[in-house]
Amino acid sequence: MKAKTTPPELDPDVLAAAKTTASDDDIDDSLYDSGLPGPLGPIDAAIARLEAILLAIGVLLMALNTVANVVGRYVFGQSLYFSEEVNQALIVLITFAGISYAARHGRHIRMSAFFDALPHKGRRFGMAIIAGLTGALMLLLAWYALSYVITQAGRGRVLPALQIPNWWILVWAPLGFFLTGIQYLMTALKNVTDDGVWLSTSTRDGYSDASSDALDEKAQDQ
């Protein structure tokens, strides 16, 4: 008779890569589902669409403005006099809309050496605390940014080329910080109400989940 062979134990890192490849590498906001309870779910989905629209408009307008400026310079011999200021405004928009978008999809850089060594409940509690404190800090920065925008509006400065108020292009800073703060607070709530460990309302901590699943299967086998 042939001896039964047990399948080799899979590396948790391999499991994590398999789980996150399909969900994290291909982001489709049309299928976004926050999973938050009650009215928080539709609010979160509406904010996600707003972020995606702002980023799409910002990137497309920046590309169009840059191409038009290049064509004007090398084909017609005349650059667009307002091109630099338009790109400056769009960079501010993309940057501060992007921090909220990255927070929603768990794409911000993390240092998780100690965090990954914690047990499952410890990771849940730690992620809730981290997300909550980060959300509070983002809202504080939103307040300071709003104060700065109000100060600039009071000075009445305008952009030299576009002749529009300077604060118009700065208003995206407090909005971006505010949306990011709300996103982190909702992530903290997600970790409190859900059994998993969540980097955002839609992104699980793949490494943590794979490690905990492997440990649970090993405990059951024993």
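The values are calculated or read from the model by the stated rules, or taken from the named source; none is laboratory data. Only a predicted model underlies this, so the values are computations on that prediction, with no experimental measurement involved. All Cβ positions, glycine included, derive from the backbone under ideal geometry; neighbour counts span all protein chains shown. Protein only, heavy atoms only, side chains kept; ligands, DNA and RNA dropped before computing areas. Shrake-Rupley method; radii C 1.70, N 1.55, O 1.52, S 1.80 Å.
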*When you go through 49, 110, 104 one by one, which is the residue that is in contact with an Asp or Glu (Cβ under 8 Å, 6 or more places away or on another chain), open to solvent by 80 Å² or more (accessible area, probe 1.4 Å) and within 27 Å of residue 202 (Cβ to Cβ)?*
49
*Pick from the range 186-204 the residues that are modelled with pLDDT of 85 or more and within 18 Å of residue 138 (Cβ to Cβ): which of them is most open to solvent (accessible area, probe 1.4 Å)?*
189
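For the range 66-80, enumerate the residues that are surrounded by fewer than 17 Cβ atoms within 10 Å (Cβ to Cβ) and either in contact with a helix residue (DSSP H, G or I) (Cβ under 6 Å, 6 or more places away or on another chain) or modelled with pLDDT under 85 (or both).
75, 76, 77, 78, 79
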*Residues (open to solvent by 40 Å² or more (accessible area, probe 1.4 Å), farther than 27 Å from residue 200 by Cβ and without any contact (Cβ under 8 Å) to a residue 40 or more places away in the chain) located in the range 158-185*: 158, 163, 164, 167
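Do we find that residue 183 is modelled with pLDDT under 80 and on the phi < 0 side of the Ramachandran plot in this structure?
On the way: modelled with pLDDT under 80: no; on the phi < 0 side of the Ramachandran plot: yes.
No.
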*Return a yes/no flag: does the range 188-202 have any residue that is under 13 Å from the mean Cα position of the chain (by Cα) and under 23 Å from residue 144 (Cα atoms).*
no
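So which residues in the range 116-134 are of a type outside the set (A, V, I, L, M), out of contact with any Phe, Trp or Tyr (no Cβ under 7 Å at 6 or more places or on another chain) and buried (at least 19 other Cβ atoms within 10 Å of the Cβ), if there are any at all?
Of the range 116-134, the ones of a type outside the set (A, V, I, L, M) are 116, 119-126, 132, 134.
Imposing the further condition that a residue be out of contact with any Phe, Trp or Tyr (no Cβ under 7 Å at 6 or more places or on another chain) reduces the set to 119-122, 124-125, 132.
Passing the criteria: only 124.
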*Inspect the range 135-157 for any residue being open to solvent by 40 Å² or more (accessible area, probe 1.4 Å), of a type in the set (Val, Ile, Thr) and at pLDDT below 90 and give the result as yes or no.*
no
